[in-house]
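Visitor: Here it is: the structure, laid out below.
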Amino acid sequence: MPSHIDFMARAIQLAKQGLYSTDPNPRVGCVLVKEGNIIGEGYHVRAGEGHAEVNALAQAGSAAQGATAYVTLEPCSHFGRTPPCSDTLIKAGIRTLVCAMQDPNPEVSGRGFEKMRAAGIEIISGVLESEAKKLNPGFIKRMSGGLPYVRVKIASSLDGRTAMASGESQWITGGNARADVQRLRARSSAIISGIDSILADDSSLTVREDELALADAELAKRAIEKQPLRVILDSHGRIRPDHKVVNQSGQTLVCVRHGVQLPNFVESLALNHGESGLNLRELLKALADRQCNEVLVETGSTLAGQFIQQGLVDEVVHYMAPCLMGSEARPVFAMDIETMADKIPVQISDVRHFGNDIRFTYTLQSQNKD
């Protein structure tokens, strides 16, 4: 007989189908079970469309009466673009709710559970909670701390170099690793880069379907239909209307220091400016206000180092290629660290092969707090 863990694992698997398309909403899966059998299942596909519970109930129909609902996130209790899922489950006659985690959204947190308990529904919470949290690190961070989840992506040689002294950097890693970067972009709400990177490479910073390498055609289609916000840090307004980054589908936001005016070919955001450049915390707060959950930083060593040293990074995704580039090539992070006491500890959370390259994922104890 399948257990609560088995059915919740299926709900988490379903939620992952919304990895690239639910933004700014969380990724959620739902499984309806009766007498040990799945009678309906669903996941949240896009913001503004039916939530996971609604889609699962539509599949189950009247058989949902007396069933158990397995949901990866507490059912919502407020009216947004769709009605409250807690009310929908109550109306359907659900007998038991098994939930992975409480919703961090202050408008919901605990209220969905309370409403369903008051209706006589048994609540079991915390099943596969740690796995469910991995679905939505950005949503959780934004709702609980007011800032997005920040990843820094880097590609380097074995000796920790990201570009030759001349700036030449294409390509350090192979195609499999670059396809994985496309998938990182696709799950992100925004991609941050610096103007120096744009001037050097004329990057598009888009998600490209032909490079995603997704076997599921529907997932690939959804991954490109809503391009992440492209954010360029450009203190002095050097961006030009012929740069690729401002001529792609989706939105581009160019951040300048106060007093710098950009022509109307692109949206701009004025930020405070200090000794180390534009105020990065202020930028992240502005992105959270725009409902950005996960932010990917793809830039050179100087800006990447600033994000790290200011304690604004939650995760570093490092693709290491089996090659050597020499001591004159550019480093991964440009940072001023003089003593061992000042070194920044990181924790390895994942290691994977992508062709001949290795992807290391590190987590950091960020200081993204007010």
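The values are calculated or read from the model by the stated rules, or taken from the named source; none is laboratory data. All figures in this text were calculated on a predicted structure; none of them were measured in a lab. Neighbour counts are summed over all protein chains in view; Cβ atoms, including those assigned to glycine, are modelled from backbone coordinates with ideal geometry. We work out accessible area using only protein heavy atoms, side chains counted, and drop any ligands, DNA or RNA first. Shrake-Rupley method; radii C 1.70, N 1.55, O 1.52, S 1.80 Å.
Visitor: Quick check: net charge around Met8, other residues with Cβ under 11 Å of its Cβ, Lys/Arg +1 and Asp/Glu -1?
Guide: Values: positive: Arg10; negative: Asp6, Glu129, Glu131.
Every neighbour counted, the sum reads -2.
Visitor: Restricting to Cα atoms and excluding each atom paired with itself, what does the Kirkwood estimate give for region 203-278 in Å? Spell out each step's value before the answer.
Guide: Values: mean 1/r = 0.0716 Å⁻¹.
Evaluated over region 203-278, this radius sits at 14.0 Å.
Visitor: Where the Cα atoms of region 1-138 are projected onto their three principal axes, how long is each span, largest first, in whole Å?
Guide: 35, 28, 25
Visitor: So which lysines can Lys34 reach, going by Cα to Cα under 18 Å and dropping same-chain residues fewer than 8 places off?
Guide: Here the lysines satisfying the reach criterion relative to Lys34 are Lys91.
Visitor: Further question on the same structure: If you average 1/r over every pair of different alpha-carbon atoms in the chain and take one over that average, what Kirkwood value in Å do you get? The partial results should precede the final answer.
Guide: Details: mean 1/r = 0.0453 Å⁻¹.
So the Kirkwood estimate lands at 22.1 Å.
Visitor: Just by accessible area at a 1.4 angstrom probe, what is the order of Leu19, Leu199, Leu14 from largest to smallest? All intermediate terms of the calculation are to be shown ahead of the outcome.
Guide: Working: Leu19 45, Leu199 75, Leu14 15 Å².
Largest accessible area first, the residues go Leu199, Leu19, Leu14.
Visitor: Under 16 Å Cα to Cα from Lys134, which aspartates and glutamates show up? Leave out anything in the same chain fewer than 8 places away.
Guide: Excluding near neighbours in sequence, the set is Asp23, Glu74, Asp103, Glu294, Asp314, Glu315, Asp350.
Visitor: Keeping all protein chains in position, work out how much accessible area Val127 exposes to a 1.4 Å probe, and write it in Å² to the nearest 10.
Guide: Ignoring ligands and nucleic acids, Val127 comes out at about 20 Å².
Visitor: So, taking all protein chains as they sit and a 1.4 Å probe, how much accessible area belongs to Thr361, in Å² rounded to tens?
Guide: 10
Visitor: Residue separation times 0.36 nm, minus the C-alpha to C-alpha distance between Ser144 and Ser62: what's the value?
Guide: 25.8 nm is the gain from fully extending Ser144 to Ser62.
Visitor: Return one number: the angle in degrees, 0 to 90 and rounded to the nearest 10, between the long axis of the Cα atoms of helix 4-15 and the longest principal axis of the Cα atoms of the chain.
Guide: 50
Visitor: Enumerate the residues in region 239-280 having an amide nitrogen under 17 Å from the point lying 7 Å beyond the Cα of Arg208 toward its Cβ.
Guide: The answer is 243-250.
Visitor: Express the carbon and sulfur contribution to the solvent-accessible surface of the chain as a percent, rounded to the nearest whole number, probe 1.4 angstrom.
Guide: Numbers: 8280 of 17280 Å².
The nonpolar share, carbon plus sulfur, comes to 48 percent.
Visitor: Same structure again: Can you flag which of Lys141/Lys221; Lys141/Lys226; Lys16/Lys141 are past 25 Å Cα-Cα? Working shown, then result.
Guide: On the way: Lys141/Lys221 27 Å; Lys141/Lys226 22 Å; Lys16/Lys141 18 Å.
Lys141/Lys221, as the Cα separations exceed 25 Å there.
Visitor: Could you give the length gained on full extension between His258 and Trp171, defined as 0.36 nm per residue of separation minus the Cα-Cα distance, in nm?
Guide: Gain on stretching His258 to Trp171: 27.7 nm.
Visitor: Next question. For the chain, report the accessible area per residue in Å² (1.4 Å probe, heavy atoms, rounded to an integer).
Guide: The answer is 47 Å² per residue.
Visitor: Oh, and also: Cα extents of region 38-105 along the three principal axes, largest first, in whole Å?
Guide: Dimensions of region 38-105 along the principal axes of its Cα atoms: 29, 22, 18 Å.
Visitor: Please give the net charge around Leu32, taking every other residue with its beta carbon less than 12 angstrom from that of Leu32, where Lys and Arg add +1 and Asp and Glu add -1. Each step should come with its number before you reach the end.
Guide: Values: positive: Arg10, Lys34, Arg95; negative: Glu35, Glu41, Glu53.
Its environment carries a net charge of 0.
Visitor: May I pose another question? Where does the charge balance sit around Gly175 when Lys and Arg score +1, Asp and Glu -1, over other residues with C-beta under 12 Å from its C-beta?
Guide: Values: positive: Arg178; negative: Asp180, Asp210, Glu211, Asp357.
So the environment of Gly175 carries a net charge of -3.
Visitor: Rank these by accessible area, largest first, 1.4 Å probe: Phe360, Phe113.
Guide: Working: Phe360 40, Phe113 10 Å².
These residues rank, largest area first, as Phe360, Phe113.
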